[in-house]
Amino acid sequence: MQGKHIAILESRLGVQLAELISRAGGIPLHAPALAEVPDGDPQALHAFLDSCAQRPPELFIFQTGVGTQALLDMTEDLGRTPELLELLSRAKVAERGPKPAGVLRSHAIRIDLATGDPHTTAELLSVIDSVALSGRRVVVQRYGETNRELEAALRARGAEVLEVPTYRWALPRDTTPLSQLLDALEDNEVDAVAFTSASQVRNLFAFAHDEVREETLSSGLSRVQVFSIGPVCTRALKAVDVRVDAEASPPKLGPLMALLRERLS
């Protein structure tokens, strides 16, 4: 990928991804499209715990390490962590990957249902398939946005879904890099764009809409190679009529980086 200009929207691991691209000879254009914003409401959490005390959930699902830790921090601030731990001890606990699993283990919380690689919603639904959910409560730790695929599948099985928000995705406070990315796309100074989440797609297009530059974004993406980290991200791109040239498998940064090297060499 020597000399190729590659735009990346990744926030949390964006610096590391940019460094990998640089080491491979590429020129990274880092334009973070997401920011984690705390989304916990103490009163809502009080009400949630009170409700669960009256009617305990059958299953707790933890989707991210950041969100799992945020929930435990919130209950600690409210002085109600022992109640949460008691609820967890009486329910089945499922995780979607090593990060939430690591947080749970660090708090000595038993894990009953662990996903396999690549730890997507598909693997999560597979591991909870044996749990009877009809008429039962299921608590889902929400990450940056609602996992609609998971929620729909749980409701289809007759579950009552209780979503616990901990943080939400928003645009970064400094959107200058996103404006610079739109300029670069307009000036044909980008060779490829790598998307690492569906939320990045939605945020980027929302930003372009607010800036009245949707046509700049759409036409710019049509002229470059577009890489997706996995099927969920690909669906989000296709929903806004963006052609996906290559999709990583499994949906992780390592395979995505290998794909960039292969296609842009």
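Throughout, read-outs are computed from the coordinates displayed, never taken from laboratory work. Please read these numbers as outputs of a predicted model, since none were measured by experiment. So basically every Cβ, Gly included, is an ideal-geometry build from the backbone, and we count neighbours across all protein chains shown.
Before moving on, here are some points about what is shown:
- Each principal axis of the Cα atoms in the chain has its own extent, and those three values, largest first, are 60, 33, 33 angstrom.
- Theoretical ellipticity at 222 nm over the chain - DSSP helices of four or more residues, -39500 (n - 2.57) apiece, nearest 500: -14000 deg cm²/dmol
- When Val37, Val127, Val93 are sorted by how many other C-beta atoms sit within 10 angstrom of their C-beta, beginning with the fewest, the order is Val37, Val127, Val93.
- Using a Gaussian network model of the chain in which every pair of alpha carbons under 10 angstrom is joined by a spring, one finds that among Glu163, Glu186, Glu211 the greatest mean-square fluctuation is at Glu211.
- Per-residue packing, averaged as other Cβ atoms within 10 Å, sorts the ranges 83-91, 142-150, 59-67 into the order 59-67, 142-150, 83-91, beginning with the highest.
- Relative contact order (percent, whole number), the stretch 145-225, Cα cutoff 8 Å, 6+ residue spacing: 32 percent
- Most mobile of Glu95, Glu160, Glu215 in a GNM of the chain (Cα contacts under 10 Å): Glu215
- Relative contact order %, the chain, counting alpha carbon pairs below 8 Å whose residues are six or more apart: 21 percent
- Descending principal axes extents, the stretch 37-169, alpha-carbon based, whole Å: 35, 29, 28
- Think of each Lys and Arg Cβ as +1 and each Asp and Glu Cβ as -1; about the Cα centre, that makes the dipole of the stretch 109-241 roughly 800 debye.
- The simple Förster model, with R0 at 35 Å and r as the Cβ-Cβ distance, assigns Lys252 and Thr216 a FRET efficiency of 0.70.
- Look at the dipole of the stretch 37-169 built from charges on Cβ: of Thr121, Ser134, Ala152, the Cα furthest out on the positive end belongs to Ser134.
- Chain lengthening between Val37 and Asn188 when straightened (0.36 nm per residue, less Cα-Cα): 51.1 nm
- Among the lysines of the chain, pairs that are 8 or more positions apart or on different chains and have alpha carbons within less than 25 Å of each other number 4.
- Note that the stretch 31-79 carries a Kirkwood radius of 12.6 Å, evaluated over its alpha carbons pair by pair.
- Residues Glu10, Glu19, sorted so that the one with the fewest Cβ neighbours within 10 Å comes first: Glu19, Glu10
- Expressed to the nearest 5 percent, the antiparallel share of DSSP beta bridges inside the chain is 15 percent.
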